[in-house]
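Student: Supplied in structure tokens, the structure appears directly below.
The values are calculated or read from the model by the stated rules, or taken from the named source; none is laboratory data. Just so it is clear, the structure is predicted and the values come from calculations on it, not from any experiment. Methodologically, a virtual Cβ is constructed for each residue, glycine included, from the backbone with ideal geometry; neighbour enumeration extends over all protein chains shown. Calculation scope for accessible area: heavy atoms of the full protein, side chains included, ligands and nucleic acids excluded. Shrake-Rupley method; radii C 1.70, N 1.55, O 1.52, S 1.80 Å.
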Amino acid sequence: MFLPQFLRDMRSQKMRTFLTIFGIIWGTISVVLLLGFGVGLEQRLYKNMHGLGEGIIILWPGRTSMAYEGLGKGRPLRFLEEDAFLLEREILQIKYSCPEYSKWDVKLKYKKNTYSSLVRGIYPFYSDMRNVIPERNGRFINRIDIEQKRRVIFIGFSIKEELFKDEPAVGKYISVNSVPFQVVGVLIEKTQNSTYGNRDEFTTFISATTFSSLFGYKYINNMVIQAHDPFQNEFIQERILQVLGKKYRFSPKDTEALLVWDTMENEKTTKAIMIGFNTFMGIVGAFTLIVGGIGVSNIMNAVVEERTKEIGLKMALGAKKRFVLGQFLFETLLITLVGGAIGLAFSYGIISAFPTTSIEEYIGKPTLSFGVGLVTVALLGLIGFISGLGPARRAANLHPVDALRQ
Amino acid sequence: MIKMKKINKIYGTGASKVEALKNIDLEVKENEFVGLIGPSGSGKSTLMNIIGCLDVPSSGEYYFGGESVENFNHNQLAEIRNEKIGFVFQNFNLLPYATAYENVEIPMIFMGVKAKKRKSMALELLDSVGLAARATHKPGELSGGEMQRVALARALANNPSLILADEPTGNLDTKSGDEILAIFENLWKQGHTLVVITHNPNISARAQRIVKLIDGTIENNGK
Ligand SMILES: Nc1ncnc2c1ncn2[C@@H]1O[C@H](COP(=O)(O)OP(=O)(O)OP(=O)(O)O)[C@@H](O)[C@H]1O
Ligand SMILES: [Mg+2]
């Protein structure tokens, strides 16, 4: 019923219609691409950030800064493996707590190739906490390695490159400070934008038990702690001060006794920045769409103007206000949605054709996510509705006699 | 059918104020054929718009089929126009881009008649005004007399009791005018009520009663 009328209107004003629809297409593409780039960037940032692990806390021993129970300040602290397990037992909110040994400048050698690496001594669950995931044909350090103090090693992918080049590494023996170790796994390629020590791609991992007996270490370098719910990280930090403060006799208020890196803080900051960034992108795009909407509103006003007499006639013949309102809203929404659909199709094409180049690591790949699509369609509908409402109401409120007289 | 008491219609305010109708008392009975005459500007169209529920009076009482129109809202007025009244205009007021039968269908659309039924009824109505063969023609392809007959078919679409015509033959030659008059007489015989504004002496000669307006007042009411 409304459709043939619409097609007639549009045909009679080809140029005007084209320009109007073009405005909406342009607006849609802006919104989709700006938001799409925003989402892509966000995903990339999180991915890079999660290279270190999701919402983990890293804890180093510090130096007391308050006198406590007769002990003077300035006392350096050192932690044992068992301290990590103590925390896990004492603090319910902690899911994993892993002691971590580390030693720099360990000489790795395979055939003629040598590499000087950071070696970390860890437990199996470290893999999940820190996103240290083996490539498909390998594995991470496991429980038996721990129990039997096996001489097996897990290596970063860049070290694998250095030592093995194109050769497969898993199963081969390398010397670690002249002690032979079997490679059991290689780290999968991942991006990581923050680290302590060295990036995982340049690091090797061995069983914590093997580490302490081989290198004769008693004290660990740090602990890695993961909460069941990362939003409890702050509370967990307070509890850690209490638990370790009790054991090592420092004040639970002595924040310098422990050096804490709560990676959730980075996450929160990034989230805030991304919200700001996406809002900005959205607003810029939305304004372009609004300009398109103004164009639609203008075209509809002109259509109402041209069809005043017809509206008057229809009212005389019994058309109710809501029919007239419906007709013009329908036309406006149709223009908007047709433009929007074409715009979405174009955006999809542009996004699909977006080259996967080296910059992807930093800015990510623009994504046409469900959310972006939803926001765009909602915006389009809203703009169509708002820009149609004025002209449609003008039409519906025409006085039939006056309209007929035109 | 309709009854008016002390109807006034005032356009504008202050210096540009026009009293188009003054204290009109008028009654039209079921199945009457009333001719409305008077000089230009005397208020004929204004009166017809009020009768047809297209406009509301500035003051006075108007009863349509026994009901006071005063309290009706837009939708109720639209329903009356749609179901009870058929309009015929001097300049036909056909939609130029629609075919004859599509034009006839319009009131049925607002009534909610289904598309298929609408079309067959429209064709029937066109047949009754002798235009079945022109059903798919657009107004531009029809003569004035044919256009007015399409408009008449449209006025009859929802089988209204009251037919209102504002100078239906004003733009037609004598022969076409007579054809329209013949249709009016036929409708009258079928029981419709007719109120026709006209300068056409043939029509006023056939009307049952003549109401003459001068300067917004009824000058003469009878034959
Ligand atoms: N919308 C309006 N605003 C102001 N004045 C109006 C309006 N409509 C009609 N009038 C005035 O009311 C008076 C009656 O007009 P109306 O159209 O009813 O006359 P009429 O008898 O139909 O004349 P005609 O034979 O020329 O059609 C005229 O003086 C006209 O100028
Ligand atoms: Mg008139």
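Student: Count, please, the residues in segment B:189-223 that happen to be farther than 30 Å from B:LYS17 by Cα, hydrophobic (A, V, I, L, M, F, W, C) and either open to solvent by 60 Å² or more (accessible area, probe 1.4 Å) or within 13 Å of ligand 1 (Cβ to nearest atom) (or both).
Tutor: 1
Student: What are the pairs with Cβ atoms under 8 angstrom where one residue, in segment B:36-48, is in a helix (DSSP H, G or I) and the other, located anywhere, is within 9 Å of ligand 2 (Cβ to nearest atom)? Sequence gap at least six, or different chains.
Tutor: Pairs that qualify, where the first residue is in a helix (DSSP H, G or I) and the partner is within 9 Å of ligand 2 (Cβ to nearest atom), are B:LYS44/B:ASP166; B:LYS44/B:ILE197; B:SER45/B:ASP166; B:SER45/B:ILE197; B:MET48/B:ASP166; B:MET48/B:ILE197.
Student: So is B:LEU36 within 13 Å of chain A (Cβ to nearest Cβ), open to solvent by less than 10 Å² (accessible area, probe 1.4 Å) and either under 18 Å from the mean Cα position of the chain (by Cα) or away from ligand 2 (no atom under 16 Å from the Cβ) (or both) or not?
Tutor: no
Student: So, restricting to helices (runs of 4 or more DSSP H) that lie completely within segment B:113-203, which ones have at least 3 residues that are β-branched (Val, Ile, Thr) and away from ligand 2 (no atom under 16 Å from the Cβ)?
Tutor: B:174-189
Student: Any chance segment A:144-163 includes a residue that's among the charged types (D, E, K, R), free of Cβ contacts under 8 Å to residues at least 40 places away in the same chain and under 17 Å from A:TYR110 (Cβ atoms)?
Tutor: yes
Student: Take A:ILE133 and tell me if it is closer than 15 Å to A:VAL186 by Cα, open to solvent by 20 Å² or more (accessible area, probe 1.4 Å), of a type in the set (Val, Ile, Thr) and under 34 Å from the mean Cα position of the chain (by Cα).
Tutor: Considered against the rule, which asks whether it is closer than 15 Å to A:VAL186 by Cα, open to solvent by 20 Å² or more (accessible area, probe 1.4 Å), of a type in the set (Val, Ile, Thr) and under 34 Å from the mean Cα position of the chain (by Cα), A:ILE133 comes out as yes.
Student: List the number of the failed condition for B:ILE50; all other conditions in (1) within 16 Å of ligand 2 (Cβ to nearest atom); (2) more than 16 Å from B:ALA20 (Cα to Cα) hold.
Tutor: (2)
Student: Pairs only if they're at least six apart or on different chains, beta carbon under 6 angstrom, first in segment B:20-33 and more than 16 Å from ligand 1 (Cβ to nearest atom), second open to solvent by less than 10 Å² (accessible area, probe 1.4 Å) and outside any strand (DSSP E or B); list them, first residue then second.
Tutor: B:PHE33/B:ALA207
Student: Within segment A:380-391, restricting attention to residues that are in contact (Cβ under 8 Å) with a residue 12 or more places away in the chain and surrounded by fewer than 23 Cβ atoms within 10 Å (Cβ to Cβ), which residue is nearest to ligand 2 (Cβ to nearest atom)?
Tutor: Among those that are in contact (Cβ under 8 Å) with a residue 12 or more places away in the chain and surrounded by fewer than 23 Cβ atoms within 10 Å (Cβ to Cβ), it is A:GLY390.
Student: Separate question: For B:ILE85, work out the one condition from (1) in contact with a helix residue (DSSP H, G or I) (Cβ under 7 Å, 6 or more places away or on another chain); (2) surrounded by 22 or more Cβ atoms within 10 Å (Cβ to Cβ); (3) within 11 Å of chain A (Cβ to nearest Cβ) it doesn't fulfil.
Tutor: Only one criterion is unmet by B:ILE85, namely (1).
Student: Let me ask something else. State which residue is most open to solvent (accessible area, probe 1.4 Å) when the search covers only segment B:43-76 and only residues that are facing another protein chain (nearest Cβ under 9 Å) and under 19 Å from A:ASN397 (Cβ atoms).
Tutor: Filtering first and then ranking leaves B:HIS74.
Student: With respect to the numbered conditions (1) open to solvent by 50 Å² or more (accessible area, probe 1.4 Å); (2) farther than 23 Å from A:GLU189 by Cβ, which one is the sole condition not fulfilled by A:GLU54?
Tutor: Every listed condition holds for A:GLU54 apart from (2).
Student: Limited to segment B:152-180, what total is found for residues that are open to solvent by less than 10 Å² (accessible area, probe 1.4 Å) and more than 14 Å from chain A (Cβ to nearest Cβ)?
Tutor: 3
Student: Here is a further query. Quick one: is B:LEU21 within 16 Å of ligand 2 (Cβ to nearest atom), over 17 Å from B:SER161 (Cα atoms) and within 13 Å of chain A (Cβ to nearest Cβ)?
Tutor: In short, no.
Student: Residues that are open to solvent by 60 Å² or more (accessible area, probe 1.4 Å), away from ligand 1 (no atom under 16 Å from the Cβ) and at pLDDT 95 or above: does segment B:92-112 have at least one?
Tutor: Taking every residue of segment B:92-112 in turn, none turns out to be open to solvent by 60 Å² or more (accessible area, probe 1.4 Å), away from ligand 1 (no atom under 16 Å from the Cβ) and at pLDDT 95 or above.
Student: Scan segment B:154-175 for residues that are out of contact with any strand residue (DSSP E or B) (no Cβ under 6 Å at 6 or more places or on another chain) and within 13 Å of ligand 1 (Cβ to nearest atom) and jot them down.
Tutor: B:GLY170, B:ASN171
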